[in-house]
Amino acid sequence: MDSIEEKRVYGDREGAITAYVASAIGVVRVRVAGDTVGEFGLCERCEARDIAATRDAVAVATDEDVRIRTLEDGADTDDAGDDPFVETGFGPAVAVGYDDDGDLIAADPDGRLACRAAGSEEWTPLEDETVAAVRAIDGDLVGTDSGVYRAHDGGLDHAGLTDVRDVSAAGVPLAATADGLYKLGNGWMEILEGQFDAVAADPRSEPGQLVRAHAVAGDAVYEYAADDDEWRERSGDRSRGRIVGVGYGDTVYAVTESGTFCSVSEGEWRTRTLGITGVTGLAVPPRRAER
């Protein structure tokens, strides 16, 4: 039976990790081992607008508050899935993201941004005034309809571009915008033309380098080829539905807006229907040995 209540036999498989999918009905916890999807189920009922994770926690932006689940026993164990999500007092949120220090940044529907430092339970505003409508947060990058901002020292600096749909901070900063895919080098440099909706890079990437990275433009998926430093459209992916989130583990994972979970197997997508719709994001907590 393809449903949200399904339980399968791979939950305790050696090497299995946990992915979290944000959707209109809540957060779905998915166990995966390599390219095989195991058990999955709803672990938090809410209207989830965005999701982010570190080794130690998962944060979800909801229409009521930012909620956090602590992963006390590690992101790659089943025990980590039993602790509840708790409210943080931020209020309604549209985007969340963690920086390299484990500080959590969140944005509300009016463009108010605040930071919850690692180990703290208090939110500290990043600016006295609101910025443009926030669409994505990753690391210290904030993507808005008026461009990219960088968070540092309790403030925000505008870093260029306009109409930004998504950002990725790992390795080489990337931005998906209404008119192209960009990377940050000596200023923002265009990689590909066209309207891009999402972008992601493996969080294990070393500064200044990309190993695995993907970008989404409509129903087309582009993949970074590290061997020749080029981006190529993946063939055969257009029938999978619009991808709204990409994550990385032993292989590459993705989720579509209509609730299909994808994993790369021998260069092709292996798919599993989760029985949900209105999907807004995917978070794969790194293992303890990873960043």
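Summary table below
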read-out: Given (1) among the aliphatic types (A, V, I, L, M); (2) farther than 22 Å from residue 65 by Cα; (3) at pLDDT below 95; (4) crowded, with 17+ Cβ neighbours inside 10 Å, number of the condition residue 132 does not satisfy; value: (2)
read-out: Of all residues making up region 267-291, the number that are charged (D, E, K, R), over 14 Å from residue 30 (Cβ atoms) and in contact (Cβ under 8 Å) with a residue 40 or more places away in the chain; value: 4
read-out: Answer residue from region 170-184, given it is hydrophobic (A, V, I, L, M, F, W, C) and within 22 Å of residue 54 (Cα to Cα) and is surrounded by the fewest Cβ atoms within 10 Å (Cβ to Cβ) among those; value: 172
read-out: Qualifying residues in region 198-217 (those that are touching an Asp or Glu at 6+ places or on another chain (Cβ under 7 Å) and part of a loop (DSSP other than H, G, I, E, B)) - the one farthest from residue 284 (Cα to Cα); value: 211
read-out: Matching entry among 106, 24, 118, 132 (being of a type in the set (Gly, Ala, Ser), at negative phi and in a strand (DSSP E or B)); value: 106
read-out: Residues of region 135-151 satisfying the condition of being without any contact (Cβ under 8 Å) to a residue 24 or more places away in the chain and part of a loop (DSSP other than H, G, I, E, B); value: 145, 146
read-out: Residue in region 236-255 that is polar (S, T, N, Q), in a helix (DSSP H, G or I) and more than 17 Å from the chain's Cα centre (by Cα) present; value: yes
read-out: Only listed residue being small (Gly, Ala, Ser), in contact with a Leu (Cβ under 6 Å, 6 or more places away or on another chain) and at pLDDT 95 or above, chosen from 53, 59, 48, 22; value: 59
read-out: Unique match (being farther than 15 Å from residue 271 by Cβ, of a type outside the set (Val, Ile, Thr), out of contact with any strand residue (DSSP E or B) (no Cβ under 9 Å at 6 or more places or on another chain) and exposed (fewer than 14 other Cβ atoms within 10 Å of the Cβ)) among 208, 187; value: 208
read-out: Residue list for region 168-197, filter: over 22 Å from residue 96 (Cα atoms) and either assigned to a strand (DSSP E or B) or in contact with a His (Cβ under 7 Å, 6 or more places away or on another chain) (or both); value: 180, 185, 187, 188, 189, 190, 191, 192, 193
read-out: Residue in region 152-167 that is buried (at least 19 other Cβ atoms within 10 Å of the Cβ), not in a strand (DSSP E or B) and not β-branched (Val, Ile, Thr) present; value: yes
read-out: Hits in region 225-253 (condition: under 20 Å from residue 283 (Cβ atoms), free of Cβ contacts under 8 Å to residues at least 40 places away in the same chain and of a type outside the set (D, E, K, R)); value: 241
read-out: Residue satisfying all of: in region 62-86; at pLDDT 95 or above and among the aliphatic types (A, V, I, L, M); surrounded by the most Cβ atoms within 10 Å (Cβ to Cβ) among these; value: 66
read-out: Candidates 192, 141, 174 - the one that is within 16 Å of residue 217 (Cα to Cα) and within 18 Å of the chain's Cα centre (by Cα); value: 174
read-out: Total residues in region 218-257, condition buried (at least 16 other Cβ atoms within 10 Å of the Cβ) and out of contact with any strand residue (DSSP E or B) (no Cβ under 7 Å at 6 or more places or on another chain); value: 1
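The values are calculated or read from the model by the stated rules, or taken from the named source; none is laboratory data. What you are looking at is a predicted structure, and each value in this text was computed from that prediction instead of being measured. All Cβ positions, even for glycine, are placed from backbone atoms using ideal geometry, and neighbour counts span all protein chains on display.
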